[in-house]
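A.B. asks: Provided herewith is a single structure, encoded as structure tokens, for subsequent inquiry.
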Amino acid sequence: MPEQSGSAPLFESTEWNFDAIQRSYDAIEKIAIDDLKLDVYPNQIEIISAQQMVDAYSSNGMPLMYRHWSFGKRFVHDERLYRKGARGLAYEIVINSNPCISYCLEDNSMALQALVIAHAAFGHNHFFKNNHLFRQWSDAEGILDYLEYAREFIARCEEKHGDHEVEQLLDAAHSLMHTSVFRHRRPASISLREERARQRERLRDEEAAVHYLWNSFERARPQRIVDEHVRERKRAMKLPEENLLYFLERHSPILEPWQREILRIVRNIAQYFYPQRQTKVMNEGCACFVHYYIMNALHSSGRLSDGAMFEILHNHTNVLTQPDFDAPHSAGINPYALGFAMMQDIRRVCENPTPEDHEWFPDIAGVDDWRGVLQDAWANYRDESFVQQFLGPEVIRRFHLFALADDAKDSFCTVSAIHDSRGYHAVRDVMVANLDISGSDPDIQVVDVDLLGDRWLKLCHVQRDHVPLDAETRDATLDNIRSLWGYDVVLEERSD
Amino acid sequence: MAHLVDRRLNPKGKSHGNRRRFIGRVRAAVKNAVDESVRNRDIADADGEKMITVPAKGIAEPSFRHAAKGGRRQWVLSGNRSFSVGDRIRKPPSGAPGGGGREGSADGEGEDDFLFLLTRNEFLELYFEDLELPDLVKRSLKEIKAAKPIRMGYTVAGTPANLSVMRTMRNAYGRRIAMRRPKIRDLDDLILRIQALEALDMPDAAELAELGELRERVDLLRKRQRSVPFVDPLDVRYKFFEMRPEPSSKAVMFCLMDVSASMGEREKDLAKRFFVLLHLFLKQRYDKIELVFIRHTQTASEVDEETFFHSRETGGTVVSTALKQMKEVINQRYPPSEWNIYAAQASDGENYGGDSEVCADLLQEALMPLCQYFAYIEILQESEVKLMNSDDNGMELWRAYRKVAGHCPNFAMKRIATPADIYPVFRELFVKKGQGVSDA
């Protein structure tokens, strides 16, 4: 009798086993696909030990990564916190790849494993597969192959050129990672095979391309012609350029071919993580919404026992707490909490709209198909635009959000908006600005190269609202760029 | 359909390479921290896992970031209780306003000094670095305990080298009997009989019948033989070994030190390294080690470790008082029949006139017969080393001890000015140990 087996609990014991996981997975999948209409990559669920989880942390959650001391530093740091008991481990790590790999910690109880599967293997997975940023910028098919290639390539470089050389190069490249993504133009997606095939050709061509820059400068020419040439070359170099590593990889006069390839690897990895940095609120919100929905559905059909559900809710609330601004250890807005609350609110607006909702969200208030609305949001927005579009008064009131303005000139901060009818828009706009990583990352571009003189490279930092760069890290980073460029590098501060 | 993979058995320690690189990167800083930490902890737990603090400088990962201050900014915060629009909040004198609004650094760990745990091996590796120990010695010191394989019965799994032929064959024999495997000799008899019958020119009917019956029987027996193998994997037994710590006993280590005013921080630090090394050596040899600290000026007293290294005393120097004290302690608490007695003495070589002869006599007559090993180091200024380039020169105590060394093979003495000089004092001890291992 299918009804009966359908309403029997999926598992009784708190210990997990593979059968119970498989059973739960099937039940979760049924709800995710049939009810929520999620569209996911095939799932691969891997059970790992605590030690392996710490390993995975330290390489950005990736299963394979080239070797570098900074990962060791992170490992040592995480391991210490974990051993001390200061921090628990994440229950899962999920990788944006096809198949979508979720790591589950072996210490999880069965209820937690079910929660994690719903959260990662369906929530995150759906988001990875459907959000336009991920579709556009990251290559889920090729990432693991690419990382494998990167690791091998860098290991070979270490053998050939020495650990120290490679380490210095990686240090320098890492410090430019965040300023080395294409924000506006899509880089050609390159499969591993093409990559390898093109490598040889590229190395040859690029050496030639670099040398031509310096060939001519000794010859004396009339000023006008020289200017013309400079302009032309700048055009050829496509200045200004926002992707620093890309520029250095192509145009640095001193790098060896293998060094260019390593810069390219670092740049590609930065690009792969770029969408994740732009969708923290949405990605986690989506995963939390999905696990909350699925777990409740399982519970109401009797397939989760009350005990298991309590444990799940306990963990759910732990993750989704938004501490007040003055609470100890408060780290600002919790992206999990905000994303989840907004998505729950979207559902509420669809199902039970108030007059206020009709005013704020005329397009979705009272719409039958809340699933469709959410699917559309998950697919077509990123944090900034999502908040711009969907952060409504209800959520602002619930979180008691308020905006605070700080001008360095004043000796006080001003509360610029609170959760009242005059403040909703202002609070929302500030939130949007906070979430926009093109605002939180410094805007730095290569603007000029003195090809005929001392070969200096000129960068420009466009200050927003007069916010300066941190002087100490700025100087250290400039030193790193100098080591990659080989000649002097200057940074100009400019206000917008 | 999910693909479930159990990765728990995959090799751990994926990050070891990275960890090694990291330690290499901060090696100088870690080395300092290691030395510092040995200075601050007890001899008995000088080794072992240890938290090490590394200054943030040198492991920073710079990138372009916005400064924490300056310009105009706005934040959204949660949990408003009493603010209304236009409220002004005075900025705290330093740091960012509002408490929660400041952006953390990218890696979330800020600029604090970096604290991490070194494993025992990593720790000792760094600690040994400037002691210039030979590799063999380093290795043997890092092994926590000498263990010896002891036979512990049999197991069903093991390496071919440990195969127990006797036990395996015995099992096979028992099984063959129980399963009634036809004996090879019986079968041979039957075959002989068949051959005899076949050799007959004109067999009669009875003989033909017998031949047919015999052939059937042989077939049956052969079949049976095949189905009951001579040696079955079930029979195989391997000798099982368990690693047991070598039979160990008790040792007591006496640390004697001159604490008169002429022993400064540098001298005490060298002395401590010397004591630590001896302790590490004893630790891998004996299960239980007791430490006795005796310090002396013109009088000697037994003290705890803290007092031994850190409290100051003034007064003259009479070395023999320490030796007398040691003798007394041995008599009271450490009967040589039960205890292995080791002693390490550190001094700057000064002694009250005429006392050195007393010391030499005391050692030779009373102490050396009881001790396994007595090591003496004289701590010099680096500038003095050149003056004292011959072992024959030296002050009274040195010359008196030279005589003892001449008589007793288990007495070692050495002048040291840097950590690298310490090891040769122990060389004999380690050499002896090395031979002991190869003999065993």
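A.B. asks: Once you have the alpha carbon radius of gyration of region B:208-341, what is it after dividing by 2.2 N^0.38 Å, with N set to its residue count?
C.D. replies: Values: Rg = 35.0 Å, N = 134, 2.2 N^0.38 = 14.1 Å.
That works out to 2.47 for region B:208-341.
A.B. asks: Still on this structure: Taking 0.36 nm per intervening residue step and subtracting the Cα-Cα distance, what contour gain separates B:S262 from B:Q372 on full extension?
C.D. replies: Working: separation 110, 0.36 × 110 = 39.60 nm, distance 2.96 nm.
Going from the current span to full extension adds 36.6 nm.
A.B. asks: Between B:R27 and A:A90, what is the label-to-label distance in nm when each label sits 7 Å out along the Cα-to-Cβ direction?
C.D. replies: Rounded to a tenth, the inter-label distance reads 3.3 nm.
A.B. asks: If you fit an axis through the alpha-carbon atoms of helix A:143-161 and take the longest principal axis of the Cα set of chain A, what angle between them do you get, 0 to 90°, nearest 10?
C.D. replies: It works out to around 40 degrees.
A.B. asks: Compute log10 of I(q)/I(0) for region A:303-455 with the Debye formula, placing one identical point scatterer on every Cα and leaving out solvent, at q = 0.10 Å⁻¹, to two decimals.
C.D. replies: Evaluating at q = 0.10 Å⁻¹ gives log10 I(q)/I(0) of -0.50.
A.B. asks: Could you tell me the calculated FRET efficiency between A:D145 and B:D269, based on Cβ-Cβ distance and R0 = 51 angstrom, to the nearest 0.05? Could you put the intermediate results ahead of the total?
C.D. replies: Numbers: r = 55 Å, r/R0 = 1.08.
With a Förster radius of 51 Å, E is 0.40.
A.B. asks: Turning to a different aspect of this structure: Stretched out fully, how many nm does the piece from B:R217 to B:R39 gain, at 0.36 nm a residue minus the Cα gap? Spell out each step's value before the answer.
C.D. replies: On the way: separation 178, 0.36 × 178 = 64.08 nm, distance 8.63 nm.
Gain on extension, B:R217 to B:R39, equals 55.4 nm.
A.B. asks: Another one. Classify region A:64-173 as rounded, prolate or oblate from the Cα gyration tensor: take a ≥ b ≥ c as the square roots of its eigenvalues, call it rounded if a/c is under 1.5, otherwise prolate when a/b beats b/c and oblate if not. Before the final figure, lay out each step's value.
C.D. replies: Numbers: a/c = 2.73, a/b = 1.34, b/c = 2.04.
Oblate.
A.B. asks: What is the distance, in nm, between label points placed 7 Å from the Cα along the Cα-to-Cβ direction at B:R224 and at A:L64?
C.D. replies: 5.9 nm
A.B. asks: What are the ³J(HN,Hα) values, in whole Hz, obtained from phi via the Karplus relation 6.51 cos²θ - 1.76 cosθ + 1.60 with θ = phi - 60°, for each residue of region A:308-320 in sequence order, with x given for Gly and Pro?
C.D. replies: Coupling constants for region A:308-320: 4, 5, 4, 4, 5, 5, 4, 5, 4, 5, 4, 6, 9 Hz.
A.B. asks: Right, here's the next one. Just list whichever of B:K148/B:K414; B:K148/B:K239; B:K148/B:K283; B:K31/B:K250 have alpha carbons separated by over 26 Å in the model shown. Each step should come with its number before you reach the end.
C.D. replies: Values: B:K148/B:K414 34 Å; B:K148/B:K239 15 Å; B:K148/B:K283 16 Å; B:K31/B:K250 33 Å.
Over 26 Å apart, Cα to Cα: B:K148/B:K414; B:K31/B:K250.
A.B. asks: Residue separation times 0.36 nm, minus the C-alpha to C-alpha distance between B:T307 and B:L197: what's the value? Working shown, then result.
C.D. replies: Details: separation 110, 0.36 × 110 = 39.60 nm, distance 10.20 nm.
Residue separation times 0.36 nm, minus the Cα-Cα distance, leaves 29.4 nm.
A.B. asks: Which residues in region A:301-318 place their backbone N less than 17 Å from a point set 7 Å from the Cα of A:K30 along the Cα-to-Cβ direction?
C.D. replies: Under 17 Å, as judged by backbone N against the label point of A:K30, lie A:301-305 of region A:301-318.
A.B. asks: Moving to a separate point now. As a test of the definition: with a 1.4 Å probe, what buried accessible area, both sides summed, do you compute for B against A, in Å² to the nearest 100? Intermediate results must be reported in sequence, preceding the final value.
C.D. replies: On the way: alone 27430 and 24900 Å², together 44820 Å².
The B and A chains share an interface burying roughly 7500 Å².
A.B. asks: Charges only on Cβ, +1 for Lys and Arg, -1 for Asp and Glu: so what's the dipole of region B:292-416 about the Cα centre, in debye to the nearest 20?
C.D. replies: Values: 11 positive and 19 negative charges, 49 e Å.
My answer is approximately 240 debye.
A.B. asks: For chain A, take the longest principal axis of its alpha carbons; what is the angle in degrees between that and the long axis of helix A:257-278, to the nearest 10 within 0 to 90?
C.D. replies: Long axis of A:257-278 versus the principal axis of chain A: about 30 degrees.
A.B. asks: Where does region A:409-466 land on the Kirkwood hydrodynamic radius, alpha-carbon pairs, in angstrom? Please list the in-between numbers first.
C.D. replies: On the way: mean 1/r = 0.0669 Å⁻¹.
The answer is 14.9 Å.
A.B. asks: What ranking of A:D35, B:D355, A:D454 comes out by heavy-atom accessible area, probe 1.4 Å, highest first? Could the numbers behind the result be given before it?
C.D. replies: Values: A:D35 50, B:D355 10, A:D454 115 Å².
Accessible-area ranking of A:D35, B:D355, A:D454, largest first: A:D454, A:D35, B:D355.
A.B. asks: Give me the angle, in degrees from 0 to 90, between the Cα long axis of helix A:223-236 and the longest principal axis of the Cα atoms of chain A, rounded to the nearest 10.
C.D. replies: Taking the Cα atoms of chain A, the angle to A:223-236 is about 20 degrees.
A.B. asks: Cα convex hull of region A:225-364: mean projected area in nm², to one decimal? Intermediate values should be presented prior to the final figure.
C.D. replies: Numbers: hull surface 69.4 nm².
Over all viewing directions, region A:225-364 projects a mean Cα-hull area of 17.3 nm².
A.B. asks: Whole-Hz ³J(HN,Hα) for each residue in region B:252-268, computed from phi via Karplus 6.51 cos²θ - 1.76 cosθ + 1.60 with θ = phi - 60°, x for glycine and proline: what do you get?
C.D. replies: Coupling constants for region B:252-268: 10, 10, 9, 10, 10, 8, 7, 10, 5, 4, 6, 8, x, 4, 4, 5, 5 Hz.
A.B. asks: Something else about it: For chain A, what is the relative contact order in percent, using Cα pairs closer than 8 Å and at least 6 residues apart in sequence? Don't jump to the answer; show the numbers that get you there.
C.D. replies: On the way: 649 pairs, mean separation 80.5, N = 496.
Rounded, it is 16 percent for chain A.
A.B. asks: On to the next question. How far is it, in nm, from the label point at B:N121 to the one at A:H358 when both lie 7 Å from their Cα along the line to the Cβ?
C.D. replies: Going by the 7 Å Cα→Cβ label model, 7.3 nm.
A.B. asks: In addition: After finding the eigenvalues of the alpha carbon gyration tensor for region B:319-363, what semi-axes result from the square roots of 5 times each, listed largest first in whole Å?
C.D. replies: Over the Cα atoms of region B:319-363, the semi-axes work out to 23, 11, 8 Å.
A.B. asks: Separate question: Say R0 is 22 Å: what FRET efficiency, to the nearest 0.05, do A:F182 and A:S440 get from their beta-carbon distance? Don't skip to the end; give the middle numbers.
C.D. replies: Numbers: r = 18 Å, r/R0 = 0.81.
Efficiency, rounded to the nearest 0.05: 0.80.
A.B. asks: Now for a different question. Give or take rounding to whole Å, what are the principal axis extents of the alpha carbon atoms in chain A, in descending order?
C.D. replies: Largest first, chain A extends 90, 56, 43 Å along its Cα principal axes.
A.B. asks: For chain A, compute the number of Lys pairs whose alpha carbons are separated by less than 23 Å, excluding pairs fewer than 8 positions apart on the same chain. Provide the component values of the computation, followed by the final result.
C.D. replies: Working: A:K30/A:K129; A:K37/A:K129; A:K37/A:K280; A:K73/A:K84; A:K129/A:K280; A:K234/A:K458; A:K238/A:K458.
Value for chain A: 7.
The values are calculated or read from the model by the stated rules, or taken from the named source; none is laboratory data. Note that the structure is a prediction, hence the values are computed from the model and not measured. When we count neighbours, we look across all protein chains shown, and the Cβ atoms used for this are built from the backbone with ideal geometry, even at glycine. The area values use the complete protein model at the heavy-atom level, side chains included, leaving out ligands, DNA and RNA. Shrake-Rupley method; radii C 1.70, N 1.55, O 1.52, S 1.80 Å.
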